[in-house]
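Quick notes on the structure that follows.
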Amino acid sequence: MKRYGEHRIPGRLFIVEGIDGSGKSTQLMLLHQWLKAEGYGVVFSEWNSSPLVKDTTKRGKKKQLLTPATFSLIHATDFADRTERNIIPLLKAGAVVLCDRYIYTAFARDASRGMDPAWLRELYAFAVKPTIAYYFRVPLEVALKRINDGRAGFKFYEAGMDLGLSSDPDESFRLFQARILDEYEKMVPEFGMTVIDATLPIEAQQQQMRQLVVAKLTQARQLRVTP
Amino acid sequence: MKETYGAMLPDELLDDLVGKLIVIEGTDGVGRSTQIHLLKEWLEQQGHAVLDTGLSRSGLVGKSIKRAKEGHTLGRITLSLFYTTDFADRLENEIIPALRAGFVVLTDRYIYSLIARAMVRGLDPAWVRNIHRFALKPDAIFYLRIGVDELIPRVVFTRGFDYWESGMDFYSTEDMYDSFRRYQTALLERFDQLAEEFQFQVIDARREPRVIFEQLREGILRVLTNRAGVETARAAVAAPPGTSAVHAIVPLPAPAPAGEKDEPVTVPDSEDSAEDHRKRASRTR
């Protein structure tokens, strides 16, 4: 078992992190389109996790069977499945792999639920260290406004309702996101995350992302797929 | 006062866990379930409320693990974490509440089996230990120890080799017998290592079930009646693993409970099929 940072595999792994409403998924989608057009063998990791793990997670959430510990462990199981069956083989084959959210989401979310941060880092020690981990930094109010424009109604665990922060789902979500934001900020120096100012225009953010990606790909020409 | 192996769960309170946590460890086919069945009956006769639990019996993931193993679809890290999830679910939803209510909790295997298996499958030994640090330290760990040569006939003449207990998921080029032998040998080595590290009370599982039962009963009585006794037992078991240390310190009381004398040498003891055991065990009575 290789630990975080010990994998030596030819592919490239780019991941995006940030709270809901930070715009990270949009940015990753734009990056994906560009890499494809440039002729790279790029895979947007769809989290094709095994139906078994997925079903268990779904059931646990639906029936609200999960405690912070089992919430954390079942997601780690799911992530292990993606890592073993999807991410590592793809990277070995030399692909550019893109992930919307990665282990840092679990660190932020589970620590906000009271799990021991050191234990969480050990739990995910099998994860491949990303080539670049982008963090989309956005003030809570901006993110909340973007979400409120786009959707209605939070799910139980999504809003952190299991923590009993508030009986109002909207208020609970807000308090939970504030905690998660704090956790992300702590992780920026710890994991050397690349911060993108998510209040900038979409085009400007994408420009920054692409510049950094290019630098990592020029060292690996063999990743290019001949059209 | 109970404690964990170092990691606390959120808002976890341990000072009101007045029950006793007793672990029965041992490899496949060694007779754990038979003993747990006998112990439960005996403890209940003594007036103790008993919870018996074991691997992959959680409401959250127990069934999924069984299905996963039928399909052989999970990677080794994934399978290992699936078991840990199952364990956490049972710890929080069964074991801790039962201990709080003053039960004697008898568990058929504990984190040590998970650690041993994961190590044999090549996972990082430090990692496997660390992820289980939220587990409660048991009041006693009894390890039913057997050699691979004694184990094989029991398995062959009862239920045959099991795919997973033969390590066929990673020794796939060999036949079941070779694979079983190699896997169980590796597993027993790990267990011997863990016996020292976690202070198991080692019991010679080659002996008759009745004798083993007497020894377990003695050990458990000590846990129930005398806290200091546990420490003594642990100190005594610091002897090298495999030397039947428990024999030396546990005076055997005479008679076995009536009706148990003709208990067969082993009740087939396949991994994770506690219900089968109970059925078989009740048939033999």
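Brief remarks follow.
- Residue check, A:PHE136 closer than 29 Å to A:LEU98 by Cβ, modelled with pLDDT of 90 or more and of a type in the set (Phe, Trp, Tyr): yes
- Considering only residues in the stretch B:13-61 that are surrounded by 21 or more Cβ atoms within 10 Å (Cβ to Cβ) and of a type in the set (Gly, Ala, Ser), the one that is modelled with the highest pLDDT turns out to be B:GLY19.
- Set B:SER80, B:SER56, B:SER33: member being assigned to a loop (DSSP other than H, G, I, E, B), within 19 Å of the chain's Cα centre (by Cα) and among the polar types (S, T, N, Q): B:SER56
- Of the set (1) under 16 Å from A:ILE180 (Cα atoms); (2) surrounded by fewer than 16 Cβ atoms within 10 Å (Cβ to Cβ), all apply to A:LYS92 but (1).
- Qualifying residue in the stretch B:65-73 (condition: of a type in the set (Lys, Arg), farther than 30 Å from B:GLN193 by Cα and outside any strand (DSSP E or B)): yes
- Residues that are touching a residue at least 40 places away in the same chain (Cβ under 8 Å) and over 30 Å from A:PRO201 (Cβ atoms) were ranked within the stretch A:130-162; the one that is nearest to the other protein chains (Cβ to nearest Cβ) is A:ASP162.
- Residue check, B:LEU136 closer than 25 Å to B:GLU44 by Cβ, touching a residue at least 24 places away in the same chain (Cβ under 8 Å), surrounded by fewer than 23 Cβ atoms within 10 Å (Cβ to Cβ) and within 13 Å of chain A (Cβ to nearest Cβ): yes
- So A:LEU165, is it without any contact (Cβ under 8 Å) to a residue 40 or more places away in the chain and in contact with an Asp or Glu (Cβ under 8 Å, 6 or more places away or on another chain): yes
- Of the listed requirements (1) part of a helix (DSSP H, G or I); (2) within 14 Å of chain B (Cβ to nearest Cβ); (3) among the charged types (D, E, K, R); (4) over 21 Å from A:ALA111 (Cα atoms), A:LYS61 misses just one: (4).
Matching residues to (1) in contact with a His (Cβ under 6 Å, 6 or more places away or on another chain); (2) at the interface with chain A (Cβ under 9 Å from one of its Cβ atoms); (3) more than 27 Å from A:ALA69 (Cα to Cα):
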position: B:LYS20; (1), (2), (3): no, no, no
position: B:VAL23; (1), (2), (3): no, no, no
position: B:THR27; (1), (2), (3): no, no, yes
position: B:GLN35; (1), (2), (3): no, no, yes
position: B:GLU44; (1), (2), (3): no, no, yes
position: B:GLY59; (1), (2), (3): no, yes, no
position: B:LYS66; (1), (2), (3): no, no, no
position: B:ILE77; (1), (2), (3): no, yes, no
position: B:PHE87; (1), (2), (3): no, yes, no
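- Some residue of the stretch A:17-24 being part of a loop (DSSP other than H, G, I, E, B) and facing another protein chain (nearest Cβ under 9 Å): no
- Residue identified as out of contact with any Lys or Arg (no Cβ under 8 Å at 6 or more places or on another chain) and at the interface with another protein chain (Cβ under 9 Å from one of its Cβ atoms) among B:ILE95, B:ILE131: B:ILE131
- Some residue of the stretch A:28-50 being facing another protein chain (nearest Cβ under 10 Å) and under 28 Å from B:GLY62 (Cα atoms): yes
- The stretch B:197-250 - residue that is surrounded by fewer than 14 Cβ atoms within 10 Å (Cβ to Cβ) and under 20 Å from B:GLN46 (Cα atoms) and, of those, modelled with the highest pLDDT: B:THR225
- Selection from the stretch B:5-33 of residues that are under 21 Å from B:GLN201 (Cβ atoms) and touching an Asp or Glu at 6+ places or on another chain (Cβ under 7 Å): B:LYS20, B:LEU21, B:ILE22, B:ILE24, B:ASP28, B:GLY29, B:VAL30, B:GLY31, B:ARG32, B:SER33
- Taking the listed residues A:ALA178, A:ALA159, the one that is touching a Pro at 6+ places or on another chain (Cβ under 7 Å) and closer than 22 Å to A:PHE71 by Cβ is A:ALA159, with no other qualifying.
- Residue that is nearest to B:LEU188 (Cα to Cα), among those in the stretch B:118-140 that are modelled with pLDDT of 95 or more and among the basic types (Lys, Arg): B:ARG129
- Candidate set from the stretch A:155-206 (those that are of a type in the set (D, E, K, R) and closer than 16 Å to A:ALA106 by Cβ); member that is surrounded by the fewest Cβ atoms within 10 Å (Cβ to Cβ): A:GLU190
- Only one of A:ILE87, A:ILE103 that is under 20 Å from A:LYS24 (Cα atoms), touching a strand residue (DSSP E or B) at 6+ places or on another chain (Cβ under 8 Å), crowded, with 21+ Cβ neighbours inside 10 Å and within 14 Å of chain B (Cβ to nearest Cβ): A:ILE87
- Of all residues in the stretch A:184-213, those satisfying the criterion of being in a helix (DSSP H, G or I) and in contact with an Asp or Glu (Cβ under 9 Å, 6 or more places away or on another chain) are A:TYR184, A:MET187, A:ALA204, A:GLN205, A:GLN208.
The values are calculated or read from the model by the stated rules, or taken from the named source; none is laboratory data. Keep in mind it's a predicted model, so treat the numbers as computed, not measured. All Cβ positions, even for glycine, are placed from backbone atoms using ideal geometry, and neighbour counts span all protein chains on display.
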